[in-house]
Structures are given as C-alpha cells and as structure tokens.
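Following: one structure in structure tokens, then a few remarks.
The values are calculated or read from the model by the stated rules, or taken from the named source; none is laboratory data. All values reported here derive from a predicted model rather than from experimental measurement. Note that each Cβ is placed from the backbone with ideal geometry, even for glycine, and that neighbours are counted across all protein chains shown. The area values use the complete protein model at the heavy-atom level, side chains included, leaving out ligands, DNA and RNA. Shrake-Rupley method; radii C 1.70, N 1.55, O 1.52, S 1.80 Å.
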Amino acid sequence: MSEPKGLEAPRRPAEKLDWAGAPVTVRVPATSANLGPGFDALGLALGLHDVVEARVIPSGLAIEVSGAGEGTAAAEEGHLVIRAMRTAFARLGGQPPGIGLRCVNAIPHGYGLGSSAAAIVAGLLAARALAAKEADMADTDVLRLATRLEGHPDNVAACLAGGLTIAWTSDAGPQAARLTPVAGLTPVLCVPEAPLATEQARGLLPPTVPHADAATNAARTALLIAALTSDPALLMAGTEDLLHQPYRAPAMPATAGLIGRLRAAGIPAVVSGAGPAVLALTAAGTHPGPEAVQKIASGTGDTWRVQALDVDTEGATIQA
C-alpha cells in the first residue's frame, strides 16, 4: 500500500513492524478550550468520552460508528480516526494490511467540545499500540502530530493529559503544561440543538484587537489559572473575555444570551471552545451551584441539554 499523501515518510521498512494480534481500545475525553480569556491556550478535560477499538485486519477498512457522528462511518480513508492512524503508522514505519475500527462516541460533534481532537488522539494512540512501538513515538511526538492534524494544540493537549492544560508553540514545536484543578470543580455543559462549524466561528474574529483588550485578557487568564487551581471565588472575574466571545456572539445569539443570564445570576459561564455549547464552572462551596444552571437554561425559551460533569483527570488511556 502506498503512503497517503502528506504523511511523513516511514522511518524503517514496513516488514519490520510486528502488529498486535489483539484489538486495542482507547478512551478519550471531551475537552473545552479557551475557558473564556485563555484563547488558543487553555484546555479542560471533561468527563464525557469516546471509546475507540482498533485492530489490524487482513485487508481494507471496516469501520463501525455508534453515537455521535454515526454518519462518518462511510468516510473510509477520510474518517478522522483513520487519518490519524495513517499518520502515526507512517511515522512508525509503514501501513498495516487493513484496519478494523469501532467507535462508540459520546462527544457531540460541532459544539466546541473537542470531538476532532478526541478522534485524532484516539487514532494516534491506537496506531502506536497496534504497532507496539511506544518507545519510538513518545508523548511529545503524539502532541506534535496531533497538533499538526488539528491545527492548534489547546484541545489535543487537554485530551492527552487530562485535567487543566496550558498549551503553546515554540521553536521546538507544540508544548503543554498540566495543572491539577481545584477539588470540587464541577463543569456544567449546556448543548443547544444546532452545531456550529469551527471555521465559521474563527472567521468572525478580527485580524487585530485593541492593546487594552489584549492586556485585560492576559490579566484575566492569569487570574483564571489561580481560580481553577486554588481559589474558585475568582472564577467570575477570571472568565471575563474580550478577545473572541464578543466577536462570535452574533453567530450564536442563544449561546450569548444564556451566558449573559448565567453570569448575571453569579455563575461563571463561557463559550466552550468555538461554541455553540456553553460551559458553566461551578465549585463546591460556591453558590449558585450546578442545579441553578438547569433552571436558568430552561427559562431561556431555547432547547438546551444540560449535564453536570466531572473533570477528567486521566486524559487519553489505553483500556485493558
């Protein structure tokens, strides 16, 4: 089989790879990027997961998808998990004779919850495990490849590491630092009926922003780190944003409206990633709590699926 276009050249002949005889199962969390002011830098892993089982088969592709994104099974080589696996296999030395894939998805597609990051991370880790080449593809390599496929590192970093992550890009490539969120932090997810393409949301951002707005966001991002790791009382101030949410609001008026209602009630709320989902950040000992989010969302006149979640602290894992 020829290598797919755009993938890295194999580092060793394909016949040197010993494929795992049993399937591998990868569990990957949803993620919420930005968290208000931390644009393209902060990510939080959420207790909502996709599970991907992959195996080497004699030839071709066999793809099954249930749950969110069921229609993507027909994408074949265009399926994002398969594309990520092909990228990893090329990096490791060659392609297997065939790939069997079974995806059980709980992460909604098109709502700013890191579904593409989850698919990419799952594919890369599954391929690494099937090739039994963990030593030849370190986690730093996985982050680099995932960032290349995703386009930015915020969601993939949180998906890989779990917890709260700060991602950035330097001359050495994408990097990430993991922090442990404060105990009792309870994200509450509000998902509307209709999705929004990330490309559309990004297209609303201006090429430049006022210096004062950038300075405000820098301060709020630093404050948000303190709020999420030690003092939840700072969450309201720490989630204020001037860089992206105001510009995206016209494309998702229901999202902007719910955020406004939640914040007016004293609940720190932000656009999850590029939206249109809303993430409310509640914490033990603070009021209002998670139950207030459902009540406020129910009173908007729009349909919201509201779910209180844990913070995922494990990140992507290979399941036994």
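Just to be sure, is Val121 of a type outside the set (Ser, Thr, Tyr) and over 24 Å from Gly257 (Cα atoms)? Taking the combined requirement at face value, the residue satisfies it. For region 25-45, the criterion of being open to solvent by 10 Å² or more (accessible area, probe 1.4 Å) and hydrophobic (A, V, I, L, M, F, W, C) is met by at least one residue. So for region 172-183 (the condition being within 30 Å of Ile82 (Cα to Cα), without any contact (Cβ under 8 Å) to a residue 60 or more places away in the chain, crowded, with 21+ Cβ neighbours inside 10 Å and not aliphatic (A, V, I, L, M)), does at least one residue qualify? Checked region 172-183: at least one residue is within 30 Å of Ile82 (Cα to Cα), without any contact (Cβ under 8 Å) to a residue 60 or more places away in the chain, crowded, with 21+ Cβ neighbours inside 10 Å and not aliphatic (A, V, I, L, M).
Out of curiosity, is Ala249 small (Gly, Ala, Ser) and over 27 Å from Thr180 (Cα atoms)? Spelling it out, Ala249 is indeed small (Gly, Ala, Ser) and over 27 Å from Thr180 (Cα atoms). The requirement of being touching a residue at least 60 places away in the same chain (Cβ under 8 Å), buried (at least 17 other Cβ atoms within 10 Å of the Cβ) and assigned to a helix (DSSP H, G or I) is fulfilled somewhere in region 234-251, by at least one residue.
Across region 270-288, the qualifying residues are those that are of a type in the set (A, V, I, L, M), part of a strand (DSSP E or B) and touching a Gly at 6+ places or on another chain (Cβ under 7 Å), and the one among them that is farthest from Gly151 (Cα to Cα) is Ala283. If the condition is being assigned to a strand (DSSP E or B) and either surrounded by fewer than 21 Cβ atoms within 10 Å (Cβ to Cβ) or touching a Phe, Trp or Tyr at 6+ places or on another chain (Cβ under 7 Å) (or both), then region 162-171 contributes Ile166, Trp168, Thr169, Ser170. Tally up the residues in region 261-273 that are open to solvent by less than 40 Å² (accessible area, probe 1.4 Å) and closer than 17 Å to Leu242 by Cα, please. Number satisfying all stated conditions: 6.
Of the residues making up region 184-222, those that are free of Cβ contacts under 8 Å to residues at least 12 places away in the same chain and within 15 Å of Ala274 (Cβ to Cβ) number 2. Gly47 passes every criterion in (1) closer than 23 Å to Ala194 by Cα; (2) within 19 Å of the chain's Cα centre (by Cα); (3) not in a strand (DSSP E or B) apart from (3).
Flag set for Val142, criterion: open to solvent by less than 10 Å² (accessible area, probe 1.4 Å), in contact with a helix residue (DSSP H, G or I) (Cβ under 7 Å, 6 or more places away or on another chain) and without any contact (Cβ under 8 Å) to a residue 60 or more places away in the chain.
Annotation note: Cβ proximity below 9 Å between a residue of region 293-320 that is more than 21 Å from Ala283 (Cα to Cα) and without any contact (Cβ under 8 Å) to a residue 60 or more places away in the chain and a residue that is open to solvent by 80 Å² or more (accessible area, probe 1.4 Å) and in a helix (DSSP H, G or I) (sequence gap 6+ or interchain) occurs for Gly299/Arg261; Thr300/Arg261. For region 12-44, the tally of residues that are on the phi > 0 side of the Ramachandran plot and part of a loop (DSSP other than H, G, I, E, B) stands at 2. Taking region 58-103 as the range and being in a loop (DSSP other than H, G, I, E, B), touching a residue at least 40 places away in the same chain (Cβ under 8 Å) and surrounded by fewer than 16 Cβ atoms within 10 Å (Cβ to Cβ) as the test, the residues that pass are Pro58, Pro97. Taken over region 252-269, the criterion of being in contact (Cβ under 8 Å) with a residue 24 or more places away in the chain, in a helix (DSSP H, G or I) and of a type in the set (A, V, I, L, M, F, W, C) is satisfied by Ala254, Leu258, Leu262.
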